[in-house]
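First comes the structure, then the notes that go with it.
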Amino acid sequence: MMPLSMVNVGEKRSIQRITGKDDVRRFLENLGFVEGSSVTVVSENGGNLIVNVKDTRVAIDRSMANIIMV
């Protein structure tokens, strides 16, 4: 298991766990980041990631990507 921030561009992974505070976890869950769903890193720009989750592209910063374990 590793943080989403370490996944290479184009790699598809399954979300194993989301760490962090309750409000941050709830925010990510509302965006579609739930355990068991697949996520693909589309691109990385200056530490920020654009990911494809549940057929939607979402931009998240590195600190958010660090708490999403895949």
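The values are calculated or read from the model by the stated rules, or taken from the named source; none is laboratory data. A quick note: this is a predicted structure, and the numbers were derived from the prediction, not measured. Using ideal geometry, Cβ is built from the backbone for each residue, glycine included, and neighbour counts are taken over all protein chains shown. The area values use the complete protein model at the heavy-atom level, side chains included, leaving out ligands, DNA and RNA. Shrake-Rupley method; radii C 1.70, N 1.55, O 1.52, S 1.80 Å.
Summary table below
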read-out	value
Reported label for calculated mean projected area of the Cα convex hull in nm² given (1) 4.3; (2) 5.2; (3) 3.9	(3)
Degrees, to the nearest 10: 22-31 long Cα axis against longest axis of the chain	50
Theoretical ellipticity at 222 nm over the chain - DSSP helices of four or more residues, -39500 (n - 2.57) apiece, nearest 500	-5500 deg cm²/dmol
Surface accessible to a 1.4 Å probe, per residue, for the residues of the chain, Å²	61
With at most 14 other Cβ atoms within 10 Å, longest stretch of the chain clear of loop trypsin sites (Lys or Arg not before Pro) (DSSP)	22-53
